[in-house]
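The structure appears right after this line, and notes come after that.
The values are calculated or read from the model by the stated rules, or taken from the named source; none is laboratory data. A quick note: this is a predicted structure, and the numbers were derived from the prediction, not measured. FYI the Cβ positions are ideal-geometry reconstructions off the backbone, even for glycines, and counts take in every protein chain you see. With ligands, DNA and RNA removed, areas are computed over all heavy atoms of the protein, side chains included. Shrake-Rupley method; radii C 1.70, N 1.55, O 1.52, S 1.80 Å.
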Amino acid sequence: MSQPIRVWLTPPGPNSWKVIVVLEELQVPYEIISFRFEDVKKKPFIDINPNGRVPAIVDPNHDITLWESGAIITYLIENYNPKGLLTYNTLREKHHLNQWLHFQMSGQGPYWGTAGHFNVLHPVKVPTAIERYNDQVKRVLGVLDGWLEGKEWLVGDKITYADLAWLPWNDRLESVLLCPADDKFTGYPNVKAWHERMASRPSWKKSMEIRARLMDEQGLDWHGMPKGINSMKEYEDKMAAEEKAKAAK
């Protein structure tokens, strides 16, 4: 019997939940090692991922440590998927899946993250940066919407890991663009329907239940801020005070 795969993550960010939802879909045993975001650049985590980014996995069954969510997903599909779920083995479809996964990693993650930074976290509003990255988010949504016209899934006629990779970032799109949740897919009806098909799956619902529990354990609200903290500056001041207190001990 396989030992559980250990998944190191900080609960607020979206990338770890790409891996968790795939693990849930494949029904692979796993255990979560949840830690605070401010510790991603510290030991022991940087001994696992020197880049200091989540997620990372340690698989005792094959004695391998991996980081980068796309690499982890590919590993799980290739090594823990005897029934061929979430993938295709035919040449064309196999490489199209890889194509869409790479597009998610290069086109969604960086643009959604940078748009969120300039819309929410950056201490000074920079209109040109906000416009550029919001426009890039909308451009990528347009690519997806056009491709999904007349289709339910990105590749073939079933859900795959390539679809699921887009789910966590799109689920929080309203927080990226600072728009009402009901409006986040306005103008992109095919993306909206595709997203809702995935978000209704038991694997995603369970993933978000786990996230909610881990966030609550760390005293964080749904968006990742400590409960009672109302701005990024307050959060940074809190972290600085905690670091100063630790150094004084």
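Please return the ranges of helices (runs of 4 or more DSSP H) entirely within the stretch 156-249 where 1 or more residues are open to solvent by 40 Å² or more (accessible area, probe 1.4 Å).
Working: elements: 161-164, 167-171, 173-177, 189-199, 202-217, 232-248.
It comes to 167-171, 173-177, 189-199, 202-217, 232-248.
Somewhere in the stretch 229-238, is a residue under 23 Å from the mean Cα position of the chain (by Cα), over 16 Å from GLU38 (Cβ atoms) and of a type outside the set (Val, Ile, Thr)?
yes
Given (1) open to solvent by less than 50 Å² (accessible area, probe 1.4 Å); (2) in contact with a Gly (Cβ under 8 Å, 6 or more places away or on another chain); (3) part of a helix (DSSP H, G or I), where does TRP100 come up short, assuming only one miss?
The failed condition is (2).
How many residues are surrounded by 19 or more Cβ atoms within 10 Å (Cβ to Cβ) and among the β-branched types (Val, Ile, Thr) when one looks only at the stretch 141-155?
Residues meeting the conditions: 1.
Can you list residue pairs whose Cβ atoms sit under 6 Å apart, with the first residue in the stretch 186-209 being within 13 Å of TRP166 (Cβ to Cβ) and the second being among the hydrophobic types (A, V, I, L, M, F, W, C) and in a helix (DSSP H, G or I)? Count only pairs 6 or more apart in sequence or on different chains.
Final answer for the pair search is TYR188/LEU141; VAL191/LEU141; VAL191/LEU144; MET198/LEU167; TRP204/VAL21.
Does LYS138 qualify as being surrounded by fewer than 20 Cβ atoms within 10 Å (Cβ to Cβ) and basic (Lys, Arg)?
Values: surrounded by fewer than 20 Cβ atoms within 10 Å (Cβ to Cβ): yes; basic (Lys, Arg): yes.
Yes: the conditions hold for LYS138.
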